[in-house]
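Visitor: My questions will all concern the structure given below.
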Protein chains: 2
Amino acid sequence: MFKRVLIVEDMDDINKGVRTELEGLGINDIDQAQYCDDAFLKVRKAIKDKKPYELLISDLSFKKDNRTQKYSSGEALIEAIKNKQPEIKIIAYSIEDRFQRIRTLINKFGVNAYVCKGRRGLKDLTYAINEVYHNKQFLSPQIANALRKKTSFEIEEYHIELLKQLSNGLSQEEIRSYFNKNNIAPSSLSSIEKHLNKLKIQFKANNTTHLVAIVKDLGLI
Amino acid sequence: MFKRVLIVEDMDDINKGVRTELEGLGINDIDQAQYCDDAFLKVRKAIKDKKPYELLISDLSFKKDNRTQKYSSGEALIEAIKNKQPEIKIIAYSIEDRFQRIRTLINKFGVNAYVCKGRRGLKDLTYAINEVYHNKQFLSPQIANALRKKTSFEIEEYHIELLKQLSNGLSQEEIRSYFNKNNIAPSSLSSIEKHLNKLKIQFKANNTTHLVAIVKDLGLI
DNA sequence: CAAAACCTTACGGTTATCCTCAACTACCAT
DNA sequence: ATGGTAGTTGAGGATAACCGTAAGGTTTTG
């Protein structure tokens, strides 16, 4: 079994829960970090001390606070660590349910497992650790299915941005000029309308207000 | 210090973290539940067995799954438990940051403490347990300030209903006919427009979409 | 009781959005 | 090159939302 593990997670309660669980598995050399930047420094130091981590368990989203961070998300951290120590095993452990992000996580960064937080998050995590230790991949069931079928509508950064600006009260015309100014393409009123329409169909929304209400409930924005 | 505590929290990792923390405080008689309905049954049984819980630590939001629940939120659970056992101490422990909901939680249900999950969630929780044990109230700092200044504007049932229907995707015309059918007055298009306008001014919203986004963030609907 | 204040309702003009059609571009495969 | 497909852009008319005004009603108040 793994001996040396780093847990990166901003919430201290989850951090403690995961640590306790790992200790129950007989893993005793555990380090923890609540900020991505701290985590990266620990990884670098561990390599320098010739005691590199074998496994990284990391959350994806981190609450921002007064400490400014170089790496503000799990993705950024994972990318940096993979560059520094390519052979390290990585388990993403997050509540994130945006397929697009998870897909890139696995394809681009070569993450070994993705575990959804939830009622049985710790159980899945335990299972994932075993699988990853035996060089297997693990995906929590609720996303494994969804990832297989490609039918899932690809919500891109563009759509998120569009929805965000709508929820900020901008009119379509204001969004057009905002996109223009920030070099976000496509920026024509017509295209914005069209993408908006796609989103409305996708989420079965009657109108823009309804759409924003729905995606807010889904936690997309 | 409290001896007998019930933790209600759907995510197993947090559940474990909180339990470990409480054990560190010397509390050993700890029960846990991942569903609100289970929690209520445990409370009832504890009373029957003449070993009632002294403290309830409960989350507010619970992921829905295949198990249908009578109590689907922390609020519903807390209300039911308070009716059953009025003297029990209650700490709400949640990521919830909607002031309106927290306000009703404290004023209506008499919750003893509200602790925000986060980087220092467990530390705040520990502190809250001590305060509550000494019959004091505790609110996590990030909400304590915000709660003090109260919103003067009287939001009535009518406005809530209006906002709800908007977030359900109804047009103003559809809302008019809905109000008509359900004997909600005033129901004319003109009045609906007017009240909507008031709300937009009150919440500094640019348009209806913006308004719904804002009140959803506030937890008003 | 009547003036004042407030609310509801109706109407018309303006603006924003919704919707369809059509032209244009980029990319891919035959 | 040719044709197919998909995405962007533009223009128009239809619909809904927005805004001010004014008439008629109810409640409050002197």
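Bear in mind that the values in this text are calculations on the coordinates, not laboratory data. Computed from a predicted structure; not experimentally measured. Using ideal geometry, Cβ is built from the backbone for each residue, glycine included, and neighbour counts are taken over all protein chains shown.
Visitor: If neighbour count is taken as other Cβ atoms inside 10 Å, put B:Asp124, A:Asp37 in order from fewest to most.
Guide: Ordered from fewest to most neighbouring Cβ atoms within 10 Å, B:Asp124, A:Asp37 come out as A:Asp37, B:Asp124.
Visitor: At q = 0.17, 0.18 Å⁻¹, what is the base-10 log of I(q)/I(0) for chain A according to the Debye formula with one equal point scatterer per Cα and no solvent? Please give it to two decimals.
Guide: So the normalised log intensities are -1.18, -1.26.
Visitor: While we're on this one: With no solvent and one point per C-alpha, what does the Debye sum give as log10 I(q)/I(0) for the protein assembly as shown at q = 0.07, 0.08, 0.13, 0.14 Å⁻¹?
Guide: -0.42, -0.55, -1.33, -1.43
Visitor: Ok, one more. Distances in nm, one decimal, shortest first, from B:Tyr158 to the same residue in every other copy, taking the label point 7 angstrom along Cα→Cβ.
Guide: Distances to the matching label points in the other copies: 4.5 nm.
Visitor: Separate question: Just to be sure I understand: of the beta bridges DSSP finds with both ends in the protein assembly as shown, what percent are antiparallel, rounded to 5?
Guide: That works out to approximately 5 percent antiparallel.
Visitor: Looking at segment B:1-114, send over the antiparallel percent of its DSSP beta bridges, to the nearest 5.
Guide: That works out to approximately 5 percent antiparallel.
Visitor: Sticking with this structure for a sec: Only bridges whose two residues both fall in chain A count here: according to DSSP, what percent of them are antiparallel, nearest 5?
Guide: Looking only at bridges with both residues in chain A, the antiparallel portion is about 5 percent.
Visitor: Which lysines have a Cα less than 20 Å from the Cα of A:Lys51, not counting those fewer than 8 places away in the same chain?
Guide: Within the straight-line cut-off, A:Lys51 pairs with A:Lys3, A:Lys42, A:Lys82, A:Lys84, A:Lys89.
Visitor: Based on the mean of other beta carbon atoms within 10 Å per residue, what is the order of A:168-177, B:75-84, most packed first?
Guide: Packing order, densest peptide first, comes out as B:75-84, A:168-177.
Visitor: Per DSSP H run of at least 4 residues, take -39500 (n - 2.57); add these up for the protein assembly as shown, divide by its residues and hand me the 222 nm value, nearest 500 deg cm²/dmol.
Guide: After summing the helix terms and dividing by the residues of the protein assembly as shown, the value is -16000 deg cm²/dmol.
Visitor: Using Cβ contacts closer than 10 Å as the measure, can you line up A:His210, A:His195, B:His134 from fewest to most?
Guide: Ranking A:His210, A:His195, B:His134 by Cβ neighbours within 10 Å, fewest first, gives B:His134, A:His195, A:His210.
Visitor: Helix A:172-181 sits at what angle to the longest principal axis of chain A, using alpha carbons and giving 0 to 90 degrees rounded to 10?
Guide: It works out to around 60 degrees.
Visitor: When each copy gets a label point 7 Å from Cα toward the beta-carbon at A:Leu25, what are the spacings between them in nm, shortest first?
Guide: Label-point distances to the other copies, shortest first: 2.9 nm.
Visitor: Moving to a separate point now. Taking every residue in B:164-176, how many Cβ atoms of other protein chains lie within 10 Å of its Cβ, on average?
Guide: 3
Visitor: Still on this structure, please answer the following. Under a straight-distance cross-link criterion of Cα-Cα below 24 Å, which lysines are reachable from B:Lys204, leaving out those fewer than 8 residues away in the same chain?
Guide: Qualifying lysines at Cα under 24 Å: A:Lys164, A:Lys216, B:Lys149, B:Lys150, B:Lys164, B:Lys194, B:Lys216.
Visitor: Give the average, rounded to an integer, of partner chain Cβ atoms located within 10 angstrom of each Cβ in B:205-211.
Guide: Other-chain Cβ atoms within 10 Å of each residue's Cβ, averaged: 6.
Visitor: Taking the mean number of other Cβ atoms within 10 Å as a proxy for protection, how do you rank B:125-131, A:12-18 from highest to lowest?
Guide: Ranking, from highest mean packing down: A:12-18, B:125-131.
Visitor: Turning to a different aspect of this structure: For the Cα atoms of chain A, what angle does the longest principal axis make with the long axis of helix A:157-167, in degrees from 0 to 90, nearest 10?
Guide: The angle comes out near 60 degrees.
Visitor: Would you mind calculating the relative contact order of chain B from Cα pairs under 8 angstrom and at least 6 residues apart, reporting the percent as a whole number?
Guide: For chain B, the relative contact order is 15 percent.
Visitor: Any idea what the B:Thr68 label distances to the other copies are, label 7 Å down the Cα→Cβ vector, nm, shortest first?
Guide: Here the equivalent label points are 5.4 nm apart from this one.
Visitor: Pick from B:Leu199, B:Leu105, B:Leu55 the residue whose mean-square fluctuation is largest in a GNM of chain B, springs joining Cα atoms under 10 Å.
Guide: B:Leu199
Visitor: Let me ask something else. Dipole magnitude of the protein assembly as shown about its Cα centre, charges +1 at Lys/Arg Cβ and -1 at Asp/Glu Cβ only, in debye to the nearest 20?
Guide: Around 80 debye, computed over the protein assembly as shown.
Visitor: Also: Counting only other chains, and only Cβ atoms inside 10 Å, what mean value do you get across the residues of A:109-119?
Guide: For this peptide, the per-residue mean of nearby foreign Cβ atoms is 2.
Visitor: Can you tell me, using C-alpha contacts under 8 Å and at least 6 residues apart, the relative contact order of segment B:157-218 as a whole percent?
Guide: 24
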